[in-house]
Structure formats: C-alpha cells, structure tokens
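The values are calculated or read from the model by the stated rules, or taken from the named source; none is laboratory data. Note that this is a predicted model, so its numbers are computed, not measured. Note that each Cβ is placed from the backbone with ideal geometry, even for glycine, and that neighbours are counted across all protein chains shown.
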Amino acid sequence: MHLLPFALVLFAGHLSAEHLSAGQAGYGPKPSLPAPKPAETKKFSTVGQWPAGATPKAPQGFVVQRFAGDLVSPRWIYVLPNGDILVAEASTKPKPPEKPEDKIKQDLLRQAGNIRPSADRITLLRDANKDGVVDSRSTFCEGLNQPFGMLLINDRFYVANTDGVVQFSYTTGQTKLEGSGKKILDLPAGGYNNHWTRNLVASADGTKIYVSVGSASNVAENGIAEEHRRANILEINPDGSGERIFASGLRNPNGMDWQPGTKTLWTVVNERDNLGDELVPDYLTSVREGGFYGWPYSYFGKHVDARLKEQRPDLVSKAIVPDYGLGSHTASLGMVFYKADAFPQKYRGGVFIGQHGSWNRSQYSGYKVVFVPFRNGGPVNPAEDFLTGFLADPNTGRTNGRPVGVAVDAAGALLVADDTGGVIWRVAAK
C-alpha cells in the first residue's frame, strides 16, 4: 500500500509536454516569474519498482539498456580514461528530530526514497567486451562519508565526501584504491534537505579544482553565519591549498562541466522553496569568476526575497541573472555537455540534465532527464524531455526510479544514475 502524498496548499500549473517552451513558467533563457505566494507545500512521491523488463523511455532512434543494477542509491557517475565507470553510492542520512513535524517529514522523505541507508562507497563497473552491459564490478573505495563528486588528475584520484575532499594514489586499470586516502580539504558537512552533496571538476590543465557546496538552509533562516563557505563554488589547488570563493550566491550547485571549445564553467543549481509552485526555477548557468548569483537575498537576478529580515541591496545590485530556467522544484542535479559524436548532430554541444523530482510543489515536476540545446555559445529553446518514465503515476506520485547523475561513456552513450531504482541506465543511438 502506498501512502498518498499530501499538500498543505495548492497552486496551478503543471509542465508535462515533451517539448518545453519559454512561454511556460520557469523554463528558458527568460523564464516568466509570477508574483511570490509564500506558503509551505509538501507533496512527496513514493518509491516503486521498475516492472520486469521495463526501462525509461528515450526518443525514437535511441535504445535504453540496463547497464548495471542492484546498486544502493547510485548518485553520481565518473568515467575513467580507460573506460571504467565509477558510481558513488550514497544517500541522505536522517537527523535526530527536534520537533514532531521533523519526524513526519523524515518519514515522508523515506517514503520518497530521499532518506535510505547510505552505502558510502564507490563501485567500479567494467564493460570489457563493449556490449553495453557490465561484465565485472568491484568495490573501488568504501568507508567514505556520503561520497558524491569524483575526479582524476594524473595519478591522483579525488573523492568529495560531504565533510571534505580526500586524495588517493591511482594507477590505470586499478580496481580498488589502497589505504584511507589523505584529506586535503575540510568542508562544512550536511546541509538543508539534500544539500550534503559536494561535486568536483578540474581545470583543463589540472592546476585547479572546483568544489560545489550547497547551503545549510532554505533562505538563511538560521542566520547568515551558518552559511560560511556554503552556497559557493570554491577553487583550490590539487593539494588542497589556496582556497578561494570562485562564485557565490548559488543556493545548491551540483552538476558542473566545461563548455566544449571554451574555458567557461557551467553548473545546475537548485533554487529556494516556499514561494509558490512556479517560484523559484532551478537553473543552468555559466559561472563567472567572482560572480554573485543572488542567494539568499534575491533570485533570478534582482528579484528580492522579502522573507529575509536583513537585506543586502549592495549585493542584490550585483546579482547575475542565470542563463536558463529549468522549472521550479525540479531538483536539477546532474549535468553534462555532450562532447561525443555518436548522437545525432542536434545533441552535440548541448547539455543533458538529470532532474531528481519535486517534493514541494502541488503537482509533480522533474523526474526525468532533459536536453537543453546550445547555439551561438548559449542555451536556447526548446528544451526537450529526453528520458522519461521515472514517474509512474502522476496522481499518487509513485515512482519507478529517480534520475540524478549523467555522464557520457567512451562510446558516446549517455549513462544515467537512477538512485531509487538502483540502476545505471545506458542510452545509445541505434
């Protein structure tokens, strides 16, 4: 029996079309932003299972395979140069409830699959005969603390735990890391809801590492001091030294990737809650060095959030407008530029985004992988639903799975981490 989700307040609006247009609220280079309607909405999905033989649905001309299964909350994917696939398996850990409503919310988050036992490991998947199905798997690293981002620079392998970055020695073809690694950077652990994830990406020359850190709150309701070193993308040297804030005001940045042919970093960001169904859109944006993106004082540029007691008009005046709205409360987490040539031309240079799905919107949003095309160096409409079927029943919120990380393998196929389904899906052109 599935528990029915509940909503404390209902708002109009639902985005389910295959093609999303700029005219629909929350999507596109210039998304429409309605007036805020402050209220708390909770509508959690429920965890189901993929029916036997079923897969997510991709557009015509693509085939979807179950690349690997029986994983425990696979969140993030990293492709090693030799073609091995690494999967970070981790999940939200419950906190001791402080109020009765905290326990109710945690129970609902368990029902949605947001809180599960955390495997705290990285698994290596190897497809030796290149048939699109894993031939062997091994535990690459374990005993971690909610690992997410992974990175290889020369012979050093990095893992972003929720509380810091750890460095290991690595040899090509290695199936298990040796030792416990060296912690090169401490980070503030945990965060608001699922803001425990920390991601990593390196500069092209390997001389800098960029670390994403989400906020500890929705809109700094516990004070701005709690947000020290949070809601930022940090820059460090490969030995952990030289930390500085590369960009700030990013409420919960997750996926990061470099735009092909440029030196421009892009990220996807989860925006704030409780301003209505269509506020505030999650977004995809280029990241400017030293740029401020509004959180918590404003959103989508200079739209002031009136809920804050202490305002900062000096910072709001500098707030950068994000490049592309991705719909409100979609939990857009994964992102990767398509830099291969196995897919049709229209996908090349564009971005695939894994949307984990809403919990605070009166009608469900997200629960799919979307594609955003790029032209003339920037994202354009229309975005397209690329991989769907994760939300099995939009009325009760029953899910087959929930997508998070996306990556492109050595053959140019798209890999998708389905954390509640426990699956890595592989989407290849026929």
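If the condition is being of a type in the set (Lys, Arg) and part of a strand (DSSP E or B), then the range 241-284 contributes only Arg244. Among the residues of the range 233-266, those that are among the aromatic types (Phe, Trp, Tyr) and closer than 21 Å to Gly349 by Cβ comprise Trp258, Trp266.
Could you go through the range 367-390 and let me know if any residue there is closer than 13 Å to Pro56 by Cβ, acidic (Asp, Glu) and crowded, with 24+ Cβ neighbours inside 10 Å.
no
Exactly one residue among Val213, Val268 is out of contact with any helix residue (DSSP H, G or I) (no Cβ under 9 Å at 6 or more places or on another chain), more than 19 Å from Lys30 (Cα to Cα) and buried (at least 24 other Cβ atoms within 10 Å of the Cβ), and that residue is Val213. Scanning the range 416-430 for residues that are surrounded by fewer than 23 Cβ atoms within 10 Å (Cβ to Cβ) and closer than 19 Å to Phe371 by Cα yields Ala428, Ala429, Lys430.
If you go through the range 304-316 one residue at a time, do you hit one that is under 19 Å from the mean Cα position of the chain (by Cα) and either at negative phi or not basic (Lys, Arg) (or both)? Steps first, please.
If we filter the range 304-316 for residues that are under 19 Å from the mean Cα position of the chain (by Cα), which is where we start, we get none.
No; the residues of the range 304-316 include none that is under 19 Å from the mean Cα position of the chain (by Cα) and either at negative phi or not basic (Lys, Arg) (or both).
Looking only at residues in the range 288-299 that are assigned to a loop (DSSP other than H, G, I, E, B) and over 19 Å from the mean Cα position of the chain (by Cα), the one that is farthest from Tyr210 (Cα to Cα) is Tyr297. Restricted to strands (runs of 3 or more DSSP E) entirely inside the range 59-174, those with at least 3 residues that are modelled with pLDDT of 95 or more and more than 20 Å from the chain's Cα centre (by Cα) are 62-68, 121-126, 136-141, 164-169. For the range 338-381, filtering for residues that are touching a residue at least 40 places away in the same chain (Cβ under 8 Å), not in a strand (DSSP E or B) and not basic (Lys, Arg) leaves 20. Summed over the range 352-383, the residues that are over 14 Å from Gly28 (Cβ atoms) and under 13 Å from the mean Cα position of the chain (by Cα) give a count of 10. Annotation note: Cβ proximity below 7 Å between a residue of the range 207-223 that is under 16 Å from Val269 (Cα atoms) and a residue that is part of a loop (DSSP other than H, G, I, E, B) and of a type in the set (Phe, Trp, Tyr) (sequence gap 6+ or interchain) occurs for Ser215/Tyr192; Ser215/Trp295; Ala216/Tyr192; Ser217/Tyr192; Asn218/Tyr192.
Going through the range 142-165 one residue at a time, which ones are buried (at least 19 other Cβ atoms within 10 Å of the Cβ) and either on the phi > 0 side of the Ramachandran plot or of a type in the set (S, T, N, Q) (or both)? Hits for the range 142-165 are Gln146, Asn161, Thr162. Of everything listed in (1) more than 25 Å from Ile184 (Cα to Cα); (2) more than 15 Å from the chain's Cα centre (by Cα); (3) surrounded by fewer than 24 Cβ atoms within 10 Å (Cβ to Cβ), the single unmet condition for Asp239 is (1).
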